[in-house]
Every structure is written in structure tokens, then in C-alpha cells.
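The values are calculated or read from the model by the stated rules, or taken from the named source; none is laboratory data. Treat the numbers as computed from the prediction; the structure is a model and nothing was measured. Here the Cβ positions follow ideal geometry from the backbone for every residue, glycine too, while neighbour counts run over all protein chains shown.
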Amino acid sequence: MVTFDDIASAAQQIAGVAHRTTVATSRLLDAACGNRMFLKCENLQRAGAFKFRGAYNAVSRLSEAERAAGVITHSSGNHAQALALVCQLLGVRATIVMPQNAPPQKLAATRDYGAEVVLYDPATATREAISRDLAEEHGYVLIPPYDHPHIIAGQGTAAMELVADAGPLDYLFVPCGGGGLLSGSAIAAKHLAPGCKVIGVEPAAGDDATRSFKTGFLHTVRNPDTIADGARTPSLGQLTFPLVRQHVDDMLAVSDDDLIRTMQFVWTRLKLIVEPTGVLGLAAVFNRRYPVEGQRVGVILSGGNADVAMAGQWFR
Ligand SMILES: *Cc1c(COP(=O)(O)O)cnc(C)c1O
């Protein structure tokens, strides 16, 4: 169970450590989307994504004994970097289990923050099993990327700030991988602006959460082929699935082409570097994949850790 009180408490816990990121607006974007748009710039958050919020909320609440044992996680990138930075700030040893095919600059950034990186082959092993085994062997505390109450509450603080800064919203579009950001955002937005409709967006190649949301049964997907590497998660979690079902109004999936068109607009016209996963929410509105017109629309731009070497392939 995660409530708005947990999110308000997380906001106090991270105050002065996480950035209160800006809310960007643009007439040009409003015209392109046919709505009044408010972008919560978590691409400008510490370590380049909202994940710093949940990671700091979780690790800073550990007991002295738990901190002394060290923490471990599995992540394809942004949670890893966030946890590594948080552990550096708090003086806690971090071990990160990452897939061999994770973007190279994400591997490098994680190591630069002082974490120990353990690589695995996603074709032959599951990261959950590897991190569980290492945690048992060494006594590390497992801090999962989304299915944890302190992570979910921390992620909800971004939407809390967005509603406070942008004023009443009719819609909030949120990227979805394992559903930590989406559940936290929905709990925060629904509490602060009950009329606000919260819409989750994921990549078409991995539309398991949309199918789970619509059917009520947990669907899974294996290594989905999408440029949205932050949303290649196998399924919603045990905590996030019921929270998404309870608090989210609708879900949809968008194509990689939609993500690229949206990213190109955001990079070139708004001068903001965002990563493919980071524009999932905006892509739904920008490419008119969801019927919303003339409304006040909030969007979480969830991350900016783009592999810039890929830009030549993405953009034309
Ligand atoms: C992790 C991540 C997501 C998805 O968050 P979940 O809590 O797993 O749903 C979206 N965007 C970016 C940039 C991320 O790093």
C-alpha cells in the first residue's frame, strides 16, 4: 500500500538533495499538440532521470546496519545510475547487476559514481535471480527499480511538484516500464487534482502493461525490441499492478517512430535532451495517439540519458 502521505513524506526526505526540476512550456509545442502543455523536466534531475527521487527516498531510510551491509539492484540503466549516485552521497556500498547490452554511457556513468557493476547475458539469465543470489551470498539489501513502497512514493514526488507548479491539470501523461513512476504519479495527481485523468504510455513492442491494465491479468513480455530501453521491463510488479489498476485512468502504447519524431522536436525546438523512454508520455499527445484537445496537459519528461551516438540513426 502506498498513499499520498507516503509521497508527501518522500518529498520531505528528498528536499534539498533532489532537484526541484523546472516545468517547461512552449507555444510552439502547444500548437503542435493542440493542448496547453506542461513538461516536468526530469531529464534535468540528478543522474539524468526521476529515478534519483525513489532511490534517495529508499536508501536514506535504511537502518545503520542495512547501510553498513551495502545495497544491490538490477537495472538496465537509470535506476542503476541513480542508486550509484545516492550511495556515493550517503557513503553506502552499491552493487549493480546490468545487462551486457545496456547503453555504454550508462554502464560508464554507473561505474563513475563508484558502484561495482556485475554484467549478465539477458538471453540466458534473469537479472532478478542474479541479484537475489548475490544479495543472499553477501547480505546486501535489495533495492528494486520499481516494486518497492519507498521507490513508488519517491517517484510520485515529481507529479506532486508538477501539479503544484502548473496549477490544475485535465490530463497527466506518464511513461511506464515497471509502473513505479506511473503508480506514484497517479496517487499524487489524483489526490491533488481529483479531476485529472492519468494516462500511462509504454512502447508498442512491450505493451504488457496496457494489456494487463485492460484485462486485469498480469501480462509479461521478454526482451521487447524497442529504443525505449528504460521500459524494457518484463511486466508490472506485484505492488505496481494493483496500484496502476486502481489509480490510472487509461493506458496506451506508442511506436518507436512516434518516439523518434517526438524526440527530434524536443531536442531541436525545445533545446532539451531527452531519451527515447523519456518522451513516451509526450509522444502520445504529440503524435495524436490519444483523443485529447484543448486541455491543460501535464507530461513527465522522465529522463535525458540519451545515447547521443545514436542520433544519426534516429534523426533525419
Ligand atoms: C525507469 C524509467 C521509466 C519507467 O519507470 P517505471 O517506474 O519502471 O515504470 C521511464 N522513463 C525513464 C527515463 C526511466 O528511466
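Listed values, structure above:
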{"read-out": "Matching residues, the stretch 14-34, being in contact (Cβ under 8 Å) with a residue 60 or more places away in the chain, of a type in the set (S, T, N, Q) and within 24 Å of Gln155 (Cβ to Cβ)", "value": "Thr21"}
{"read-out": "Matching residues in the stretch 28-48 - criterion: being touching a helix residue (DSSP H, G or I) at 6+ places or on another chain (Cβ under 6 Å), more than 10 Å from the ligand (Cβ to nearest atom) and either charged (D, E, K, R) or not in a helix (DSSP H, G or I) (or both)", "value": "Arg36, Met37, Phe38, Lys40, Arg46"}
{"read-out": "Positions within the stretch 180-234 being in contact with a His (Cβ under 9 Å, 6 or more places away or on another chain), within 25 Å of His74 (Cβ to Cβ) and β-branched (Val, Ile, Thr), in sequence order", "value": "Ile187, Thr210"}
{"read-out": "Flag if Ala8 is at pLDDT 95 or above and either within 13 Å of Gly54 (Cα to Cα) or among the basic types (Lys, Arg) (or both)", "value": "yes"}
{"read-out": "2 or more residues modelled with pLDDT under 95 and more than 16 Å from the ligand (Cβ to nearest atom): qualifying helices (runs of 4 or more DSSP H) within the stretch 49-167", "value": "104-112, 127-138"}
{"read-out": "Subset of the stretch 183-236 (residues that are among the aliphatic types (A, V, I, L, M), over 19 Å from Ala102 (Cβ atoms) and touching a helix residue (DSSP H, G or I) at 6+ places or on another chain (Cβ under 6 Å))", "value": "Ala186, Ile187, Ala188, Ala189, Leu192, Ala193, Val198, Val201, Leu218, Leu236"}
{"read-out": "Counted residues, the stretch 202-223 - those being of a type outside the set (D, E, K, R) and out of contact with any Ser or Thr (no Cβ under 9 Å at 6 or more places or on another chain)", "value": "6"}
{"read-out": "Filter result (among the aliphatic types (A, V, I, L, M), over 16 Å from Gln81 (Cα atoms) and crowded, with 22+ Cβ neighbours inside 10 Å) within the stretch 25-56", "value": "Leu29, Met37, Leu39"}
{"read-out": "Hits in the stretch 256-277 (condition: crowded, with 21+ Cβ neighbours inside 10 Å and of a type in the set (Ser, Thr, Tyr))", "value": "Thr262, Thr277"}
{"read-out": "Number of the exception - Gly200 against (1) small (Gly, Ala, Ser); (2) without any contact (Cβ under 8 Å) to a residue 40 or more places away in the chain; (3) within 11 Å of the ligand (Cβ to nearest atom)", "value": "(2)"}
{"read-out": "Residue in the stretch 174-194 that is at pLDDT below 95, in a strand (DSSP E or B) and either out of contact with any Pro (no Cβ under 9 Å at 6 or more places or on another chain) or among the hydroxyl-bearing types (Ser, Thr, Tyr) (or both) present", "value": "no"}
{"read-out": "Where Thr22 falls short, out of the listed (1) over 17 Å from Asp147 (Cα atoms); (2) surrounded by 15 or more Cβ atoms within 10 Å (Cβ to Cβ); (3) touching a strand residue (DSSP E or B) at 6+ places or on another chain (Cβ under 6 Å)", "value": "(2)"}
{"read-out": "Residues that are closer than 30 Å to Thr126 by Cβ and among the aliphatic types (A, V, I, L, M), drawn from the stretch 144-181", "value": "Ile151, Ile152, Ala153, Ala158, Val174, Leu181"}
